[in-house]
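Participant: This structure is in structure tokens; I'll ask about it shortly.
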Amino acid sequence: MNIPNQKKILYGGDYNPEQWPREIWHKDIRMFKRANIDIVTLPVFSWALLQPSEERYDFQWLDEITDLLTTNGIRICMATSTAVHPAWMAKAYPDVLRVDFEGRKHKFGQRHNSCPNSPTYRRYSRALAAELAQHYKALPSLAVWHVSNEYGGECYCENCEQEFRKWLRARYGSLDELNKRWVTRFWGHTFYDWDEIVLPNALSEFWDDGTRTAFQGIALDYRRFMSDSLLACYRNEYEVLKQITPAIPITTNLMGTFKGLDYFAWAPYLDMVSWDNYPLSTDGPANMALRHELMRGLKGGQPFMLMEQTPSQQNWQPYNELKRPGVMRLWSYQAVAHGADTVMFFQLRRSQGACEKYHGAVIEHCGHENTRVFTEVAELGKELASLGDAILGARQDAKAAILFDWENWWAVELSSGPSVDLKYIPQIQKYYQAFFDLHIPVDVVSPLSDLGKYRILVAPLAYMLQPGFAAKVESFVQNGGTFLTTFFSGIVDENDRVVLGGYPAELRKVLGIWAEEIDALFPDTHNKIVIKKNLGSLSGSYRCSLLCDLIHAEGAEVLAEYGSDFYAGRPVLTRNRFGRGTAWYVATDPEPSFLDGLIGHICTQTGIKGLVDPVVGLEVTERSSEKDDFVFMLNHNANPVKVDLGDVRGTELLSKNKLKGVLEMPGRAVWIIRRDQKKR
Ligand code: GLA
Ligand code: ZN
């Protein structure tokens, strides 16, 4: 679903008029118009004002500001304001308050604070959403619904415990089945009554400050249950909004690689994906890009909304550096390059008090537009207006995909052993970085995605396999696909039970190997990957660390061997021909140059070329509409770089210059090149 009547990349962000007197609203709107701001998100945290008491709603101030915005041609991303319950509600109905991991019942405070299974919260949040929808259904500027805000967190109250038991009953049917799945004969945990099951927290299954659990099975199911509970809150509001305003898309703002929620499970219930992008400059452009790919991947490549980013700085990092001149623009276009059809900020005006007063804003505390930040915002606003609808709806056409699975992420990091340093995201990042450096477009997919359009599927650290996934990989490879997976893969089922008979169990056949043991290396210790015969640019030896699987080839070709320790000479990189395709196994955690070489080689073998020749710090992506191909080039370096455009030639949309051949690209520059000739 799209935003109705969208004619350009919408530009704007979160606005909190309820914190300001009317005169300021008028000043702000004048400045919004100067900056070409045409969408405003509100009211995100105003439940207490919208519903001063149990019996009364008051939308008067919201009517006034929405009228003012509407008359001024500004569209509204209408939030339902349910991300913080009013203090009166906490007092009257303590079931809305959360209980934390330590088992402490919270009092009123902060935000994102409601127990997701609280009947009071469910009832009143739905009622407020319904009131808002009834009240604003005819508002011509209503563009999108923004349900609650950044869902997350968890609750361990008694009500959640009851709901967890129900959820488990629905999932497993019987206690026998549950006992089997959780392997409860271990440490004498057999359950004879559903009510014996308690939530896994600091008072039960966790120790070491909550970092370790005795029972992965229950801990994993609790993660799934919390993700589902919060999703139920979202759906509870979604349903009434949809009934009343079927033509208005509904979303909630996600947070990229946020661990708490299985966004792939959420995506079917979002009409559009929207997300909040708060990177650090130290993240590096590839890690930032990866989060955009993931967010775009949630709905199979459908363009998304960049719902929030700071125009200048954050307040919640330990050190909140300013975005350097040009960086806000560069990162905004990065989002667009990866599929954003809106560019929005948190926040349009800085608050005077409380914890976000030092968070960057379009309008700063000085209250006028003669600032660096406002000037940059206004310049970008003008540019986005000049792009019109050219890019809207355009999609990326990638031939390579990286697998991402939240449940696997939880499972990997709940695991006790083999190494505390084992983390999921860095492994995804490493493989993504190799494609990024080669300027090869990548999609991020889930175990349920259709793999038909891809030639390469990389599944880093595929520790837990979803039911049916191995069979899917087999048919992908059988039909000519190239599959790559890594150490510690194919180990457990969806309940974190080891699949017996030798790792990587269900993937053994397609990979043509089996792993007998797994060695965990101390930090700063290494082994070596010694290449047997050059593979593209891969030659000689490379460092590896973290984990080393001790594998046997059973059909696969051994392309590299370990260089030291008692397993020197044993396989570390293998390739197996299977059907018409190939399956690779990387048995350890290699240094980046190894992955650059390996991914480069695999791409060459499968006929996938980078959009242009590699340049360090340059990012290149492509979005294609029915009519046109748009190549985005972003120079993340502060300094100029030389780029060879190769077969990319066309009109650069921001400058209207014709570009081709070898060119110097200024530091932090952005080029959006519409190809003269659309690719087939
Ligand atoms: C999140 C929230 C906003 C604001 C910003 C600050 O994204 O959604 O309300 O707190 O963080 O960075
Ligand atoms: Zn609860």
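Participant: Do any residues in region 660-671 that are in the same structural domain as Met633 (by TED's automatic domain parsing) and at pLDDT 95 or above have Cβ atoms under 8 Å from those of residues that are in a loop (DSSP other than H, G, I, E, B) and β-branched (Val, Ile, Thr), where the two are at least six apart or on different chains, and which pairs are they?
Facilitator: The qualifying pairs are Lys660/Val648.
Participant: Okay, next question. So if I check each of Ser227, Ser312, which one is small (Gly, Ala, Ser), touching a Gly at 6+ places or on another chain (Cβ under 6 Å) and either over 27 Å from Ala394 (Cβ atoms) or not assigned by TED's automatic domain parsing to the domain that holds Ala340 (or both)?
Facilitator: Ser312
Participant: Only one of (1) outside any loop (DSSP other than H, G, I, E, B); (2) away from ligand 1 (no atom under 16 Å from the Cβ); (3) out of contact with any Phe, Trp or Tyr (no Cβ under 7 Å at 6 or more places or on another chain); (4) charged (D, E, K, R) fails for Arg235. Which number is that?
Facilitator: (3)
Conditions (1) surrounded by fewer than 18 Cβ atoms within 10 Å (Cβ to Cβ); (2) of a type in the set (D, E, K, R), marked per residue:
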position	(1), (2)
Pro467	yes, no
Ala470	no, no
Glu474	no, yes
Phe483	no, no
Thr486	no, no
Ile491	no, no
Gly501	yes, no
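Participant: Which one of these is in contact (Cβ under 8 Å) with a residue 40 or more places away in the chain and more than 16 Å from ligand 2 (Cβ to nearest atom): Ala170, Ala133?
Facilitator: That would be Ala133, the only listed residue that is in contact (Cβ under 8 Å) with a residue 40 or more places away in the chain and more than 16 Å from ligand 2 (Cβ to nearest atom).
Participant: Any chance region 116-126 includes a residue that's away from ligand 1 (no atom under 16 Å from the Cβ) and either modelled with pLDDT under 95 or hydrophobic (A, V, I, L, M, F, W, C) (or both)?
Facilitator: Within region 116-126 (the criterion being away from ligand 1 (no atom under 16 Å from the Cβ) and either modelled with pLDDT under 95 or hydrophobic (A, V, I, L, M, F, W, C) (or both)), the answer is no, since none of the residues qualifies.
Participant: Spot the failing condition for Gly103; the list is (1) surrounded by 18 or more Cβ atoms within 10 Å (Cβ to Cβ); (2) away from ligand 1 (no atom under 16 Å from the Cβ); (3) assigned to a loop (DSSP other than H, G, I, E, B), and only one is missed.
Facilitator: (1)
Participant: Which of the residues that make up region 186-205 are assigned to a loop (DSSP other than H, G, I, E, B) and either among the β-branched types (Val, Ile, Thr) or surrounded by fewer than 11 Cβ atoms within 10 Å (Cβ to Cβ) (or both)?
Facilitator: Across region 186-205, the qualifying residues are Thr190, Tyr192, Asp193, Ile197, Val198.
Participant: Right, next: Just a yes or no: is a residue in region 87-100 over 21 Å from Glu54 (Cα atoms) and within 16 Å of ligand 1 (Cβ to nearest atom)?
Facilitator: no
Participant: Hey, could you check region 17-63 for residues that are under 30 Å from the mean Cα position of the chain (by Cα) and not in a loop (DSSP other than H, G, I, E, B) and say which is farthest from ligand 1 (Cβ to nearest atom)?
Facilitator: Phe32
Participant: Next question, about the same structure. Say we look at region 146-185 and pick out the residues that are over 19 Å from Cys115 (Cα atoms) and assigned to a loop (DSSP other than H, G, I, E, B); which of these is farthest from ligand 1 (Cβ to nearest atom)?
Facilitator: Arg185
Participant: If I filter region 300-320 for residues that are surrounded by fewer than 24 Cβ atoms within 10 Å (Cβ to Cβ), without any contact (Cβ under 8 Å) to a residue 24 or more places away in the chain and farther than 26 Å from Pro43 by Cα, do I get at least one hit?
Facilitator: Within region 300-320, one or more residues are surrounded by fewer than 24 Cβ atoms within 10 Å (Cβ to Cβ), without any contact (Cβ under 8 Å) to a residue 24 or more places away in the chain and farther than 26 Å from Pro43 by Cα.
So that you can scan it fast, the table gives a plain yes or no per residue for (1) at pLDDT below 95; (2) within 16 Å of ligand 2 (Cβ to nearest atom); (3) closer than 25 Å to Ala79 by Cα; (4) under 18 Å from the mean Cα position of the chain (by Cα):
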residue	(1), (2), (3), (4)
Thr310	no, no, yes, yes
Gln334	no, no, no, yes
Thr342	no, no, yes, yes
Gln347	no, no, yes, no
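Participant: Can you give me the number of residues within region 254-272 that are touching a Lys or Arg at 6+ places or on another chain (Cβ under 9 Å) and either assigned to a helix (DSSP H, G or I) or of a type in the set (Gly, Ala, Ser) (or both)?
Facilitator: Of the residues in region 254-272, 6 are touching a Lys or Arg at 6+ places or on another chain (Cβ under 9 Å) and either assigned to a helix (DSSP H, G or I) or of a type in the set (Gly, Ala, Ser) (or both).
Participant: Applying the selection to region 4-16, what residues are away from ligand 1 (no atom under 15 Å from the Cβ) and in a loop (DSSP other than H, G, I, E, B)?
Facilitator: Hits for region 4-16 are Pro4, Asn5, Gln6, Lys7, Lys8, Ile9.
Participant: Would you confirm whether or not region 292-299 contains a residue that is among the hydrophobic types (A, V, I, L, M, F, W, C), touching a Pro at 6+ places or on another chain (Cβ under 9 Å) and either buried (at least 20 other Cβ atoms within 10 Å of the Cβ) or outside the structural domain of Val412 (by TED's automatic domain parsing) (or both)?
Facilitator: No; the residues of region 292-299 include none that is among the hydrophobic types (A, V, I, L, M, F, W, C), touching a Pro at 6+ places or on another chain (Cβ under 9 Å) and either buried (at least 20 other Cβ atoms within 10 Å of the Cβ) or outside the structural domain of Val412 (by TED's automatic domain parsing) (or both).
Participant: I've got another one for you. With the condition being in contact (Cβ under 8 Å) with a residue 24 or more places away in the chain and within 14 Å of Ile608 (Cβ to Cβ), I'd like the helices (runs of 4 or more DSSP H) fully within region 387-490 carrying at least 2 qualifying residues.
Facilitator: The qualifying helices (runs of 4 or more DSSP H) are 424-437.
The values are calculated or read from the model by the stated rules, or taken from the named source; none is laboratory data. Everything numeric here is computed off the predicted structure, so don't read it as measured data. Cβ coordinates were reconstructed from backbone atoms using ideal geometry, including for glycine residues, and neighbour counts include every protein chain displayed.
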